[in-house]
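The values are calculated or read from the model by the stated rules, or taken from the named source; none is laboratory data. This is a predicted model, so every value here is computed, not measured. For neighbour counting, all protein chains shown are included, and Cβ atoms are generated from backbone atoms with ideal geometry for every residue, glycine included. We work out accessible area using only protein heavy atoms, side chains counted, and drop any ligands, DNA or RNA first. Shrake-Rupley method; radii C 1.70, N 1.55, O 1.52, S 1.80 Å.
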Amino acid sequence: NSETFWTTTGMFPQEFIIGFPKCVKISKVAIQCYLVRTLRIERSLSKDPVNFEQCVEKDLQHTEGQLQMEEFPLPEFQATYLRFIIKSAFDHFVSVHRVMAEGT
């Protein structure tokens, strides 16, 4: 729903975890967010959300008044959980509006 979003509480780093019902193969992750400066994506293959390993970290471009839309093409890899860590921001608060993972 484009009317809803997740927002930070004002200090960094901030993180959220997305879990899949089982281990999946992911080829691309896309995110729509606002005022995120540095984003790291990690994965876990564990049954529980532990033992994360870094997949990608990127500094995003500042887009004043518009959502940032970033795609992260990833080699075919498996994950049961994805952890998104917002390491820094362009303001005190940021928002995440959509996360999409493509794969099987």
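Please give the per residue accessible area of the chain, computed with a probe of 1.4 Å over protein heavy atoms only, in Å².
Per residue, the chain has an accessible area of 61 Å².
How large a share of the accessible area of the chain, in percent, is made up of carbon and sulfur atoms when the probe is 1.4 Å and the other protein chains stay in place?
Result for the chain: 50 percent of the exposed heavy-atom area is carbon or sulfur.
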Report task. Under 20 Å Cα to Cα from Lys87, which aspartates and glutamates show up? Leave out anything in the same chain fewer than 8 places away. Result -> Glu15, Glu42, Glu53, Glu57, Asp59, Glu64, Glu70, Glu71
Requested in this report: Please give the contour-minus-distance gain from Lys87 to Gln61: 0.36 nm per residue of separation, less the Cα-Cα distance, rounded to one decimal in nm.
Outcome: 7.9 nm
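Which sequence of Phe12, Phe93 reflects their accessible areas, 1.4 Å probe, from the largest down?
Numbers: Phe12 65, Phe93 110 Å².
I get Phe93, Phe12, largest accessible area first.
Taking 22 Å as R0, compute the FRET efficiency from the Cβ-Cβ separation of Glu15 and Lys47 and round it to 0.05.
Once rounded, the FRET efficiency stands at 0.65.
Ordering Glu76, Glu71, Glu42, Glu53 from largest to smallest accessible area (1.4 angstrom probe), what's the sequence?
Glu76, Glu71, Glu53, Glu42
Evaluate the relative contact order of the chain (contact order divided by residue number), counting alpha-carbon pairs under 8 angstrom at least 6 apart; express in whole percent. Please list the in-between numbers first.
Values: 251 pairs, mean separation 49.7, N = 104.
It comes to 48 percent, rounded to a whole number.
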Report summary line: GNM of the chain, Cα pairs under 10 angstrom: of Leu82, Leu74, Leu35, the biggest fluctuation goes to Leu74
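Given 10 °C and 1.306 mPa s, how large is the Stokes-Einstein diffusion coefficient of the chain in µm²/s, with Rh as the Kirkwood radius over Cα pairs?
On the way: Rh = 14.0 Å.
Translational D for this selection: 113 µm²/s.
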Report summary line: Between the residues Ile85, Gln66, Asn51, the Cα farthest towards the positive end of the dipole of the chain, that dipole coming from +1 and -1 charges on the beta-carbon of Lys, Arg, Asp and Glu, is from Asn51
Query - Simple spin-label estimate for Thr104 and Met69 in nanometres, 7 Å along Cα-Cβ - result: 2.8 nm
